[in-house]
Structures are given as C-alpha cells and as structure tokens.
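Structure first, commentary second.
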Amino acid sequence: MFDIGFGELFLIALVALVVLGPERLPKAARTLGTLLRRLRSGWDSVRAEVEREIEAEELKEKLKEAQDFMRQTSQEIDEVAREGSDAVRSAGEQIRQAGEGVTDKAPGATPAATPDTASGKPATTPARHSAEDKHDA
C-alpha cells in the first residue's frame with residue numbers, strides 16, 4: 001500500500017516513543033493496529049463487492065448474448081420452416097395443376113377397359129407364393 005522501508009518505520013517508531021513516552025506507546029500501537037485492521041477489512045470488503053458486481057455484469061452480458069443467439073436461431077428456424085411450408089404448398093399446387101391438366105386434355109374420357117373389367121368380373125391379381133410354399137412343392 002505505502003512504500004515505506006525499514007529505516008523509515010524505525011524513524012517513525014522513535015518519534016512516537018519520544019512524543020508519547022514509554023507508558024502510552026503500547027496502547028497507541030494497539031489502537032493503530034486495530035484501526036489498520038479495520039481499514040484493511042473495509043478495503044477488502046469493498047474490493048470483494050466490486051469484484052462481485054463485475055462478475056454479475058459479465059454474467060448479465062453473457063446471458064444477453066445467449067438470449068440474442070437463441071432469438072436469432074429461433075428466427076432462422078421460423079424462416080426455414082416458412083420456406084419449407086411454402087415449398088410444400090407450391091409443390092402441391094403444381095401437382096394439382098398437373099392433375100387438372102391431364103383431365104382437361106381428355107374431357108369425358110374414361111379409362112380403357114381391361115379384359116377383366118370388360119366382362120364385369122372384378123380384377124384379380126395372381127396369388128403370391130412364399131419361399132416356404134416353393135420348398136413344400
């Protein structure tokens with residue numbers, strides 16, 4: 001705190017001894033020690049409080065940065081979701097328009113009759129045989 005060497009301390013002690021005398025010097029030294037201890041304690045508490053405030057400000061700044069990042073990410077996700085929704089919507093419109101174009105080109109056309117449907121019988125598909133059925137045969 002102060003830049004006082006041993007020689008300077010000795011000189012201060014000698015002056016105090018002469019001024020106060022040997023009877024009052026111990027009490028004055030104790031009082032001075034107590035005052036210095038209180039001063040140091042007060043200084044330490046002020047320094048600790050300042051450090052806590054600095055840490056709190058740093059945490060607030062980091063929290064603000066994290067909130068800004070989250071907000072930005074949320075906006076980007078919303079934008080991507082909107083773009084995807086728009087893409088799906090436009091693809092659906094294109095499919096719908098393509099389907100309308102097919103029916104518009106052949107108005108009143110009916111699907112060609114297949115041999116099974118021409119006779120009025122329901123169309124059947126050949127039965128599938130599993131690998132186990134082939135082994136049994």
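All of the numbers you see were taken from the coordinates with simple rules; none came from a lab. These numbers come from a predicted model, not from an experiment. Positions of Cβ are generated from backbone atoms using ideal geometry, with glycine treated the same way; all protein chains shown enter the neighbour counts.
Output the Cα-based Rg and Dmax of the stretch 18-57 in Å, rounding Rg to one decimal and Dmax to a whole number.
Here Rg and the maximum Cα pair distance are 16.9, 53 Å.
Starting at the first residue of the stretch 66-80, write each ³J(HN,Hα) from the Karplus equation 6.51 cos²θ - 1.76 cosθ + 1.60 with θ = phi - 60°, in whole Hz, x for Gly and Pro.
Each residue of the stretch 66-80 in turn: 5, 5, 4, 5, 5, 4, 5, 5, 4, 5, 5, 5, 4, 5, 5 Hz.
Of F10, L36, A66, whose Cα points farthest to the positive end of the dipole of the stretch 7-102 (charges on the beta-carbon: +1 Lys, Arg; -1 Asp, Glu; origin at the Cα centre)?
Farthest along the dipole direction, towards plus: F10.
For the stretch 7-102, what is the Kirkwood estimate of the hydrodynamic radius, computed as the reciprocal of the mean inverse distance between distinct Cα atoms, to one decimal in Å?
21.1 Å
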